[in-house]
Amino acid sequence: MATLANKIILIIGGSSGIGFGVAEASLKSFAKTVIIASSNKERVEKAVKRLTGAKLGGGEIIGRVVNAGNEESIKGLLDDVGEVDHIIFTSGRLETTLAFPGWILIKLKTTTVEISFLFKDSLDLRLWGVVAVAKHAKIRSGGSLTLTSGTLAIKPAPTLSVAIAGAGALHTLTSGLAVDLAPIRVNIICSGAKEKLLKQFSAFKVDTELWDDLPPSYKESFLKDTTKKLLVGHLGQPDEVRF
Ligand SMILES: NC(=O)c1ccc[n+]([C@@H]2O[C@H](COP(=O)([O-])OP(=O)(O)OC[C@H]3O[C@@H](n4cnc5c(N)ncnc54)[C@H](OP(=O)(O)O)[C@@H]3O)[C@@H](O)[C@H]2O)c1
């Protein structure tokens with residue numbers, strides 16, 4: 001069975017959720033070094049402590065602080081860590097948070113050019129952050145860059161055209177980078193959505209800290225309603241996401 005022995009894995013967004021799950025899986029697969037990076041120093045330290053305490057595989061665990069929405073910060077991180085084998089980019093925030101109530105930012109009928117700067121923050125992080133990584137990363141031969149998204153760009157949901165456009169940009173960026181970085185592999189994971197699920201037009205939501213940005217009253221009903229629509233009958237856990 002292939003393992004990650006001797007491999008260096010960098011997870012940008014690794015302090016929680018899917019990224020943290022990838023860090024655990026990489027250590028279990030005997031990665032030599034796992035570097036987790038995100039913007040909040042305390043969260044990074046806490047995640048490193050959790051990974052170290054779990055004693056998985058014996059690989060080295062390193063934490064770094066980075067603002068993935070800022071090219072200089074990304075460049076600093078990548079210069080600092082040097083050559084790596086695999087990079088996984090999971091940094092993101094619920095861009096709608098600032099526009100509650102009503103998701104006004106991304107809904108077609110309520111979005112405006114004036115508030116589009118809020119959406120720009122999200123694109124700076126999830127789109128331009130990835131561009132900066134692709135520009136400055138030193139990925140070894142045989143390595144990969146893996147991005148994360150949801151399923152909106154594949155299965156558009158009503159009223160969310162603006163968010164769908166952002167998600168679509170990330171998908172087409174993936175195709176472009178696959179050409180530009182070849183033979184380095186570039187892929188995008190859409191929150192564990194599987195072909196069977198996509199046929200049924202159901203996204204596979206993963207139960208992570210991402211949803212903590214929702215107002216508590218809304219979060220509960222949103223996740224409850226979402227779960228009802230999932231074929232698997234439960235919110236996914238990070239270790240169910242297969243890279
Ligand atoms: N979970 C799902 O079902 C789902 C569905 C659709 C799309 N997605 C997308 O998949 C990706 C991963 O989601 P997740 O569920 O794992 O979310 P999560 O648990 O909230 O993880 C997001 C990570 O991004 C980091 N982050 C946020 N802002 C950052 C910044 N400026 N610079 C660097 N790191 C930053 C966070 O750490 P810090 O706070 O320490 O910075 C955290 O480690 C996100 O892009 C999300 O939008 C997930």
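Annotations
- The strands (runs of 3 or more DSSP E) falling completely within segment 1-88 that include 3 or more residues that are within 13 Å of the ligand (Cβ to nearest atom) and farther than 23 Å from T174 by Cβ map to 60-65.
- Per-region count, segment 131-163, residues part of a helix (DSSP H, G or I) and within 12 Å of the ligand (Cβ to nearest atom): 3
- Test: residue in segment 182-191 that is modelled with pLDDT under 80, outside any strand (DSSP E or B) and of a type outside the set (A, V, I, L, M): yes
- The residues listed here are S15, S26, S38, S91; of these, the one that is among the hydroxyl-bearing types (S, T, Y), buried (at least 22 other Cβ atoms within 10 Å of the Cβ) and more than 20 Å from L125 (Cα to Cα) is S26.
- Test: T33 is surrounded by fewer than 23 Cβ atoms within 10 Å (Cβ to Cβ), at pLDDT below 95 and over 28 Å from D213 (Cα atoms): no
- Every residue from segment 192-218 that is at pLDDT 75 or above and more than 13 Å from the ligand (Cβ to nearest atom): P215, P216, S217, Y218
- Conditions (1) at pLDDT below 75; (2) β-branched (V, I, T); (3) buried (at least 18 other Cβ atoms within 10 Å of the Cβ); number of the one not met by V130: (1)
The values are calculated or read from the model by the stated rules, or taken from the named source; none is laboratory data. This one's a predicted model, so the numbers in the text were calculated from it and none came from an experiment. Neighbour counts run over all protein chains shown; Cβ positions are idealised from the backbone, glycine included.
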